[in-house]
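Here is the structure we will look at.
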Amino acid sequence: MATTVGVCGYVGVVGFATGGGLGFSLGQYGLGVDNIVSATVVLPNGEVVAASETVNEDLFWGIRGGGGNFGVIAELGMRLHPQRPDLFTFDCFFSPEKLPAVVNAINEWLPTQQPTEMISVMFMTDAATRK
């Protein structure tokens, strides 16, 4: 069993989950923020409080997307899910003139996408030439 995790290796679980949480299991288990079940928060006045769907509901709602704006999150409870023994990921890079073909290929694949499959698309420019 494991919880959802992000695609960026240098962001911690709390930052990932409270900031939205795009991850490899998005299609099957949702965003990281959707998998938060409880939190222990140190408020700005130093008080330590619990937050969940039934305790300090407003705080629980706020940290799910608002991150550390409401205090320091000292503990986070996350929903667990069965995990597959395998995960395959890879990066592909295409030159700008290939963009229409790449978008068309993605659009053809999307209707057949399975809940265990995910795609993440990033567009980058050459910083030196701004192309």
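The values are calculated or read from the model by the stated rules, or taken from the named source; none is laboratory data. Since we're looking at a predicted model, the values are computed, not measured. For neighbour counting, all protein chains shown are included, and Cβ atoms are generated from backbone atoms with ideal geometry for every residue, glycine included. For the accessible areas, the whole protein counts, side chains as well, though only heavy atoms, and no ligand, DNA or RNA atoms are used. Shrake-Rupley method; radii C 1.70, N 1.55, O 1.52, S 1.80 Å.
Applying the condition of being polar (S, T, N, Q) and at pLDDT below 95 to region 13-54 and asking which residue is farthest from the chain's Cα centre (by Cα) yields Gln28. Take the conditions (1) farther than 16 Å from Gly62 by Cβ; (2) without any contact (Cβ under 8 Å) to a residue 60 or more places away in the chain; (3) surrounded by fewer than 20 Cβ atoms within 10 Å (Cβ to Cβ); Met1 misses just one of them, which is (2). Within region 12-25, the residues that satisfy the criterion of being open to solvent by 60 Å² or more (accessible area, probe 1.4 Å) and either in contact with a Gly (Cβ under 8 Å, 6 or more places away or on another chain) or in a helix (DSSP H, G or I) (or both) are Val13, Gly19, Leu22.
Select the helices (runs of 4 or more DSSP H) contained entirely in region 26-131, then report the ones holding at least 3 residues which are without any contact (Cβ under 8 Å) to a residue 12 or more places away in the chain and either farther than 29 Å from Met1 by Cα or among the charged types (D, E, K, R) (or both). Spell out how you get there, then give the answer.
Working: elements: 26-29, 57-66, 99-109.
In region 26-131, 99-109 are the helices (runs of 4 or more DSSP H) which contain 3 or more residues that are without any contact (Cβ under 8 Å) to a residue 12 or more places away in the chain and either farther than 29 Å from Met1 by Cα or among the charged types (D, E, K, R) (or both).
Considering region 50-62, and only residues there that are surrounded by 14 or more Cβ atoms within 10 Å (Cβ to Cβ) and among the aliphatic types (A, V, I, L, M), the residue that is farthest from Gly21 (Cα to Cα) turns out to be Ala50. Among the residues of this structure, Arg84 does not count as one that is of a type outside the set (A, V, I, L, M, F, W, C), at negative phi and surrounded by 13 or more Cβ atoms within 10 Å (Cβ to Cβ).
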